[in-house]
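Undergrad: Shown below is the structure under consideration.
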Amino acid sequence: MENPYQSAVSQLEAVANKLSLSPQEVEILSRPQHVHKTTLEVAMDDGRREHFPAFRSQHNNARGPYKGGIRFHPQVTENEIKALSMWMTWKCGVVGIPYGGSKGGIIVDPRALSGAELERLARAYARWAADFIGPWQDVPAPDVNTNGQIMAWMVDELEKVWSQKHSPNGTVNIRATFTGKPLAIGGSHCREEATGMGALAVLDNLALRMGWDKKALRIAVQGFGNGGYWFARLAGESGYTIVAVSNSKGGIYAPEGLQAEAVLRHKQETGLLAGFPGSSAISNEELLALDVDVLVPAALENVVTTENADQVRARAIIEIANGPVTPEADEILRSRGIISVPDILANAGGVTTSYFEWVQDLQGYFWEKDDVAARLKKVMDRSFSDAWAIYETSPGLTLRMATYMLSIRRVVEAIRVKGTLP
Ligand code: NAD
């Protein structure tokens, strides 16, 4: 498979060409500013000491502190983390929040660890990263296989390290270093449903621009985890018809529509989506080829490929998953008139709400749930309009290219005004 970092650089070069960036600007944006790596040593419950390679890539902070998740996964690679850090820079640029991009990861299968081992690993990562993360340096968040509990352990560890250094007789509160925390220690309302809420705002905007009646729109969602479930639930509640959902074990189809909350209850009771009353079982491949108006990949990368892009019958794709459409498949979809709202816009509701969490922590003033939701909607509406304005006025450009142009232009503007001389 292609090196993800090389793909990210090729993508940058294509956009840089359209924006006529200087070779020096392309050079600056092609490389992360810092790539930290180490091997963490952790005591196992049986007394052995195990070693886990760990990374933090900080791509560019021209627009503000670095921002990006930390993933725990056996297939983490340095190149993947570097690519993801670059995509975070673009994602923060699209929604206009004052952050640059970063990403972290540990090569580990978290399912093979006990709770105590997982906690020691999380704490070891925070101790190692203490010199280069912080509210005004780099702000991590949950990502694949990490969650609010892991952020809570990391915050606690970081506060211990900082307190020893800067306040030996007291405790430093630096909770704004991490987002996606539990509410009890400075988390924000709506963080859990934020990505689904953001994707719904994007769909509302798309339907408006295309002149589609939401009541007539039929939607299939691949992936029924955090992003997919909340999107399906909120979209259904707002009047769209969710006709299919799936997870790693397969999917279900109900032409009259599915109620996501009821499907979740069924899944929790039986362990499967299949068997949900009134639905028929379908495979993930069948879901991607359903006769629907909108397809929402919300599971994995590279699910729409040259193998199946000509079978997609949807009119639009909303990319909740990161990188669900390969570049070659994207070209096929484009030639067939299928419009894709790219991941860096469609799933940016999560990072936008992380930004709100950081702002609330820094202010020590916490917003009501309605406030968070309303502010998120405003940011998503504005971001969609900004990308659409470029798309609409540039014949031949895809919405994906227009969105990248919007974002990279913002990052370059920050680099230019800061100046690059020593
Ligand atoms: P999650 O782990 O909560 O859910 C993933 C879902 O995908 C699960 O239902 C799982 O069963 C399903 N799945 C796994 N393998 C599958 C397969 N082969 N076929 C079909 N379904 C499969 O993850 P999530 O947080 O919802 O993230 C999903 C995607 O959205 C990822 O690409 C992630 O990077 C992206 N994303 C999520 C957020 C967020 O805030 N949750 C933010 C930005 C991007």
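What follows is calculated from the coordinates using simple rules that are stated; it is not laboratory data. Please read these numbers as outputs of a predicted model, since none were measured by experiment. All Cβ positions, glycine included, derive from the backbone under ideal geometry; neighbour counts span all protein chains shown.
Undergrad: Can you put Ser102, Ser10 in order of Cβ neighbours within 10 angstrom, beginning with the fewest?
TA: Ser10, Ser102
Undergrad: Compute the Kirkwood hydrodynamic radius of the range 32-185, taking the inverse of the mean of 1/r over all pairs of distinct Cα atoms, and give it in Å to one decimal.
TA: One over the average 1/r among Cα pairs gives 15.5 Å for the range 32-185.
Undergrad: Let me have the 222 nm mean residue ellipticity of the chain computed from DSSP H runs of 4+ only, each contributing -39500 (n - 2.57), with the sum over all residues rounded to the nearest 500.
TA: One gets -14500 deg cm²/dmol as the mean residue ellipticity at 222 nm.
Undergrad: On a 24 Å Cα-Cα criterion, which of the cross-link pairs Lys165/Lys418; Lys37/Lys67; Lys181/Lys214 come out too long?
TA: Lys165/Lys418; Lys181/Lys214
Undergrad: Among Met401, Met44, Met151, what is the fewest-to-most ranking by other Cβ atoms within 10 Å?
TA: Met44, Met401, Met151
Undergrad: Please report the relative contact order for the range 32-185, taking Cα pairs under 8 Å with a sequence separation of at least 6, and give it as a percent rounded to a whole number.
TA: Relative contact order for the range 32-185 comes out at 23 percent.
Undergrad: Further, regarding this structure: If you average 1/r over all unlike Cα pairs in the chain and invert the result, what Kirkwood radius do you get in angstrom?
TA: Final number for the Kirkwood radius of the chain is 22.1 Å.
Undergrad: Here is a follow-up. What whole number of Å gives the distance from the Cα centroid of the range 289-357 to the Cα centroid of the range 26-47?
TA: 30
Undergrad: Shifting gears a bit: Take every Cα pair under 8 Å in the range 128-239 that's 6+ residues apart, average their separations, divide by the length, and report that relative contact order as a whole percent.
TA: 22
Undergrad: Moving on to the next point. By DSSP, what percent of the beta bridges with both residues in the range 194-346 are antiparallel, rounded to the nearest 5?
TA: If I count the DSSP bridges inside the range 194-346, around 30 percent turn out antiparallel.
Undergrad: Which values, in whole Å and largest first, are the semi-axes of the equivalent ellipsoid of the range 194-346 obtained as the square root of 5 times each eigenvalue of the Cα gyration tensor?
TA: Ellipsoid semi-axes (Å, largest first): 22, 17, 14.
Undergrad: If you place +1 on the Cβ of every Lys and Arg and -1 on the Cβ of every Asp and Glu, how big does the dipole about the Cα centre of the range 32-185 come out, in debye to the nearest 20?
TA: Charge dipole, the range 32-185, about its Cα centre: 440 debye, nearest 20.
Undergrad: Once you've got the GNM for the chain with C-alpha springs shorter than 10 Å, pick whichever of Thr179, Thr89, Thr393 has the biggest mean-square fluctuation.
TA: Highest fluctuation of the listed residues: Thr393.
Undergrad: Provide the percentage of antiparallel DSSP beta bridges, counting only those with both residues in the chain; round to the nearest 5.
TA: The antiparallel proportion sits near 50 percent.
Undergrad: Between Leu287, Leu200, Leu40, which gets the highest mean-square fluctuation from a Gaussian network model of the chain, Cα cutoff 10 Å?
TA: Largest GNM mean-square fluctuation: Leu40.
Undergrad: Next up: Got the relative contact order for the range 300-422 handy, in percent, Cα pairs under 8 Å and 6 or more residues apart?
TA: 21 percent.
Undergrad: GNM on the chain, C-alpha springs below 10 Å: top fluctuator among Pro297, Pro135, Pro23?
TA: The residue with the greatest mean-square fluctuation here is Pro23.
Undergrad: Please compute, over every Cα-Cα pair in the range 122-277, the percentage with a separation greater than 25 angstrom.
TA: 47
Undergrad: Further question: If you restrict to DSSP beta bridges whose two residues both lie in the range 32-185, what percentage is antiparallel, to the nearest 5?
TA: 60
Undergrad: Taking the beta-carbon count within 10 Å as an exposure proxy, list Ile320, Ile150 from fewest neighbours to most.
TA: Ile150, Ile320
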